[in-house]
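Below: the structure, in structure tokens.
What follows draws every value from the coordinates through simple rules; no lab data is involved. Keep in mind the model is a prediction, meaning the values are calculated, not measured. Neighbour counts run over all protein chains shown; Cβ positions are idealised from the backbone, glycine included.
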Amino acid sequence: MPWLTKRPGAQRSPHGLEWAIWKRLPAVLAWGTALPLALAALLWWGAPSGPVAGAADAGRLLWVYLLLGLVVLHWTLVLTVAIGCWIVRVMKGPAYEADPYPPPGRE
């Protein structure tokens, strides 16, 4: 039996907020990735080219790592919201049939 077979006569629920969020997720992912990485690149390439001793170099490196961590956090948040939108979309969709399972004693 094919996976997710629609039941005949099943009705769908109207679209809600999940579709608006679903359509904006690619732009949110792109901007949320590009802005911190651009700032990290500015911090990295805007620094002096020679060796810098002391806290200045460590502070710059710390900011770069913080921004990279922010990007990874943003990806996980976007993925979590995308999974939630997908679940709501499937639950609002038409009813699906499962594999037939006759109850015991009805053979």
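Observations on the model:
- Axis of helix 17-45 versus longest Cα principal axis of the chain: the two differ by about 20°, to the nearest ten degrees.
- Couplings 3J(HN,Hα) for the range 67-84, derived from phi with the Karplus relation 6.51 cos²θ - 1.76 cosθ + 1.60 (θ = phi - 60°), are 5, 5, x, 5, 5, 5, 4, 4, 4, 5, 5, 5, 5, 5, 5, 5, 5, x Hz, where x marks Gly and Pro.
- Full extension of the chain between Met91 and Leu61 yields a length gain of 6.3 nm, computed as 0.36 nm times the residue separation minus the alpha carbon distance.
- Estimated from helices alone, the mean residue ellipticity of the chain at 222 nm is -23000 deg cm²/dmol (sum of -39500 (n - 2.57) over DSSP H runs with n ≥ 4, per residue).
- Electrostatic tally near Lys92: other residues with Cβ closer than 15 Å to its Cβ, Lys and Arg +1, Asp and Glu -1, net +3.
- Simple spin-label estimate for Leu37 and Leu17 gives 3.0 nm between the two label positions (7 Å along the Cα-to-Cβ direction from each Cα).
- Longest segment of the chain lacking trypsin sites (Lys or Arg not before Pro) that sit in a DSSP loop with at most 13 other Cβ atoms within 10 Å: 13-105
- Note on Cα extents along the principal axes in Å: of the candidates (i) 39, 27, 25; (ii) 51, 31, 24; (iii) 82, 33, 18, the value calculated from this structure sits at (iii).
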